[in-house]
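Below: the structure, in structure tokens.
The values are calculated or read from the model by the stated rules, or taken from the named source; none is laboratory data. Treat the numbers as computed from the prediction; the structure is a model and nothing was measured. Here the Cβ positions follow ideal geometry from the backbone for every residue, glycine too, while neighbour counts run over all protein chains shown. Each accessible area value is taken on the protein alone, full model and side chains, heavy atoms only, with ligands, DNA and RNA left out. Shrake-Rupley method; radii C 1.70, N 1.55, O 1.52, S 1.80 Å.
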Amino acid sequence: MKKLADFGMIRQVPMKRKKDMMQTANAIIIQPVKDEMSGKYPVKESKRCPAIKTTTSFLKQIIKNNKRKAVAQFSNVDNPLKNSLKQANFVAHWVPGIFSNLVGSFYEEAETIQEFWKVIKQCNRVVDYPSNKRAFTGKQEKEIGTKAFKEFAMKMKSRVNMHKGQFAYFNGIVNKLMNELYFDADFMDNLN
């Protein structure tokens with residue numbers, strides 16, 4: 001600390017307590033740097049200084065006559081299949097075609113269609129745990145799903161206020177339908 005004070009880099013100020021006016025720790029003030037550039041010219045800045053901006057293009061080697069690179073560049077231009085695959089929006093295989101066609105006429109994104117089907121699957125409760133038997137079969141799930149989504153579409157067109165979101169509202173419709181149809185003997189017997 002004494003050497004820094006001798007060089008003029010810091011300055012120590014003695015401090016005293018307000019209560020008993022006894023000395024406490026000194027306050028250290030860092031002094032600004034003095035500009036001693038007499039007779040010296042500033043160094044010119046280079047345009048390619050790595051400290052300013054380092055990009056990978058400066059670090060890469062330039063290789064001429066790279067045939068693979070040229071072929072790759074031209075294949076992207078001529079191949080619209082790659083671009084269309086990036087834009088393609090496929091629904092997962094576990095969503096039934098009937099349901100995805102119905103929901104797909106209202107929603108374009110595959111994630112949204114899959115999320116609606118997940119709501120139906122989660123509402124179909126397990127009835128018998130040892131055998132892992134669910135309340136409804138696959139055909140019955142499809143039937144309930146189409147009925148529920150048709151009702152949901154009617155509610156959307158009438159601009160019903162959905163406080164907790166569209167999936168929560170759809171969940172309520174599916175739960176209500178499943179509770180009604182579970183005790184309907186005709187429905188349970190016909191689609192088994």
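Quick notes on this one:
- Residue within the range 182-189 that is in contact (Cβ under 8 Å) with a residue 40 or more places away in the chain, touching a Phe, Trp or Tyr at 6+ places or on another chain (Cβ under 8 Å) and open to solvent by 70 Å² or more (accessible area, probe 1.4 Å) present: yes
- Comparison of LYS176, LYS121 shows that the only residue that is open to solvent by 60 Å² or more (accessible area, probe 1.4 Å), part of a helix (DSSP H, G or I) and either in contact with a Pro (Cβ under 6 Å, 6 or more places away or on another chain) or free of Cβ contacts under 8 Å to residues at least 12 places away in the same chain (or both) is LYS176.
- Pick from the range 142-171, criterion among the β-branched types (Val, Ile, Thr) and under 15 Å from PHE99 (Cβ atoms), ranking: most open to solvent (accessible area, probe 1.4 Å): THR146
- Taken together, the criteria exclude ILE113 from residues that are among the β-branched types (Val, Ile, Thr), at pLDDT 90 or above, over 26 Å from the mean Cα position of the chain (by Cα) and part of a helix (DSSP H, G or I).
- Residue pairs whose Cβ atoms lie under 8 Å apart, separated by 6 or more positions or on different chains, with the first residue in the range 91-108 and touching a residue at least 12 places away in the same chain (Cβ under 8 Å) and the second among the basic types (Lys, Arg), are PRO96/LYS142; ILE98/LYS142; PHE99/LYS142; LEU102/LYS150.
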